[in-house]
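Have a look at the structure below before the remarks.
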């Protein structure tokens, strides 16, 4: 059995670890709330732009645009969104596993957003086309715009024939789902309200082709922005859950060790008493 | 007509900036300013750099914007703007500095500057100043 001193030292060390995990849990909870608000605040824009795009493409089905053009998928690109930091349970591992599986089936390059994804695939010798790391907490739309422009540029120049977005979808604080979706070529979303909106005779200013040329890149940027926000919220959710269970585990360990410590102390006292009694008896 | 209003919503990727019933709204379209009164025909258009002006009971609200889209339908105007700043949110000092910089860059016209970019920056700064009422 470990000595009382060793036990005390271990309890002390676990207690300080527990304090850290507890603080991280609370910080993650606060950040999660903010991240969730941002996800919700971004929804109206994303929904509306999708609606306008659906209307434009369905009303002008003949329109051509480089971003709508489907090519033989020879070169595939995966835009992977991970966290910059660890200590968030299976969050990074899950998304990396999904992307590794995709790469195994259809090899390609990676545009890494987040340190974890970049490091993981760099170690494995996967081509990292571009990286965006250290984006921080409040991701401005400008970042999504930059990423969007980069990807669109690759696509238009023909460096990639297909671009997929790999990110973690935020379901709730407890559940996050690694997902993938095709970013390019753009598959026009179906009309939202059905036939009703098609009957309205819209005035287009400028003409639909020009509008579409403006709208499509914006649609990509909005989609990336949404994915970034969802991934951020997922990261905080995962971290909160992971740190919560770490705190619980620490508490359990402290209880067990305290029990052993008390037993060890009792044993030592009993031993001492019996020694004294033994000594006293020997004198008689 | 007087009892008719239009609902104006200005949405940026980050949040809904403005959502109110107004009497009249002026939108900076890519092909020129565009005034919308109740009963306007359905329209989908591009949004340019400029100032969105709404009038409600004779009171004006101005917002600086830098491009996006606008949809008018059924007395509802939805403006999808990349940025939209209310006049009171605008940092006049920064906008003035930005205007100076852009003007200098345009004036010097060395071969390595991006003229189109400087012009856009200048127009954005001017729109901000106009919305803030500093000009």
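Computed from the coordinates by the stated procedures, all read-outs in this text should not be read as laboratory data. As the structure is a computational prediction, the values presented were derived from the model and not from experiment. Positions of Cβ are backbone-derived with ideal geometry, glycine not excepted, and every protein chain shown enters the neighbour counts.
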**Study point:** Centre separation in Å (Cα based) which lies between the stretch B:13-55 and the stretch A:204-266
**Key:** 37
Review point. How large is Rg/Rh for the protein assembly as shown, to two decimals, with Cα atoms and a Kirkwood Rh?
Key: 1.17
Exercise for review: Could you check the simple spin-label distance between residue A:146 and residue A:213, using points 7 Å along Cα→Cβ, in nm with one decimal?
Suggested key: 2.7
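Within 10 Å of each Cβ of B:39-52, how many other protein chain Cβ atoms are there on average?
On the way: counts 0, 1, 4, 5, 4, 12, 6, 8, 1, 0, 0, 0, 0, 0.
Counting Cβ atoms of other protein chains within 10 Å of each residue's Cβ and averaging gives 3.
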Revision key, fill the gap. The FRET efficiency for residue A:71 and residue B:104, from their Cβ-Cβ distance with R0 = 35 Å and rounded to 0.05, is 0.20
Study note, to complete from the structure: Taking the square root of 5λ for each eigenvalue of the C-alpha gyration tensor of chain B, the equivalent ellipsoid has semi-axes, largest first and in whole angstrom, of 30, 16, 12
Check your understanding: Using just the C-alpha positions of the stretch B:91-132 as equal point scatterers, what log10 of I(q)/I(0) does the Debye formula give at each q in 0.16, 0.19, 0.21, 0.33 1/Å?
Key -> -0.36, -0.49, -0.58, -1.08
Practice item. Mind giving me the FRET efficiency for residue B:74 and residue B:114? R0 is 35 Å, r the Cβ-Cβ distance, nearest 0.05 is fine. Key: 0.25
**Study point:** Between the stretch A:8-46 and the stretch A:57-89, the alpha-carbon center distance in angstrom
**Key:** 32
Review point. Expressed as an acute angle from 0 to 90° and rounded to the nearest 10, what is the orientation of the C-alpha long axis of helix A:208-283 relative to the principal long axis of chain A?
Key: 0
Exercise for review: Specify the angular offset, from 0 to 90 degrees and rounded to the nearest 10, of the alpha carbon long axis of helix B:92-108 from the longest principal axis of the alpha carbons in chain B.
Suggested key: 50
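For the stretch A:126-245, just run the numbers: alpha carbon Rg, then divide by 2.2 N^0.38 Å, N being how many residues it has. Show your work: numbers first, answer last.
On the way: Rg = 17.6 Å, N = 120, 2.2 N^0.38 = 13.6 Å.
Cα-based Rg divided by the globular estimate yields 1.30.
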Exercise for review: Would you calculate a helix-derived [θ] at 222 nm for the protein assembly as shown, using -39,500 (n - 2.57) for each DSSP H run of n ≥ 4 and dividing by the full residue count, to the nearest 500?
Suggested key: -18000 deg cm²/dmol
Check your understanding: Which percent of the Cα-Cα distances in the stretch A:182-284 go past 25 Å?
Key -> 65
Practice item. Quick one: among B:50, B:29, B:58, which has the greatest mean-square fluctuation in a GNM of chain B with alpha-carbon springs under 10 angstrom? Key: B:58
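Of all DSSP beta bridges in the protein assembly as shown, what percent run antiparallel (nearest 5)? Don't skip to the answer; put the middle values down first.
Numbers: 45 of 67 bridges.
If we restrict to bridges inside the protein assembly as shown, about 65 percent are antiparallel.
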Practice item. Could you work out the mean count of beta carbons from other protein chains within 10 Å of each residue's beta carbon in B:75-88? Key: 2
Practice item. Would you mind ranking A:123, A:38 so that the residue whose beta carbon has the fewest other beta carbons within 10 Å leads the list? Key: A:123, A:38
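Would you work out the relative contact order for chain B, in percent, from Cα pairs under 8 angstrom that are 6 or more residues apart?
This gives 22 percent for chain B.
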**Study point:** FRET efficiency, 1/(1 + (r/R0)^6) with R0 30 Å, evaluated for residue A:23 and residue A:267 via beta carbons
**Key:** 0.25
Check your understanding: What angle do you read, to the nearest 10 degrees and between 0 and 90, between the alpha-carbon axis of helix A:4-59 and the longest principal axis of chain A?
Key -> 10
Check your understanding: Of the residues A:242, A:93, A:213, which exhibits the maximal mean-square fluctuation in a Gaussian network model of chain A defined by a 10 Å Cα contact cut-off?
Key -> A:213
Practice item. Write down the Å³ per residue value for the convex hull defined by the alpha carbon atoms of the stretch A:21-242. Key: 125
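Using Cα pairs closer than 8 Å and at least 6 residues apart in sequence, work out the relative contact order for the stretch A:130-239, in percent. It would help to have the intermediate numbers written out before the result.
Details: 97 pairs, mean separation 43.3, N = 110.
Averaging sequence separation for qualifying contacts and normalising by length gives 39 percent for the stretch A:130-239.
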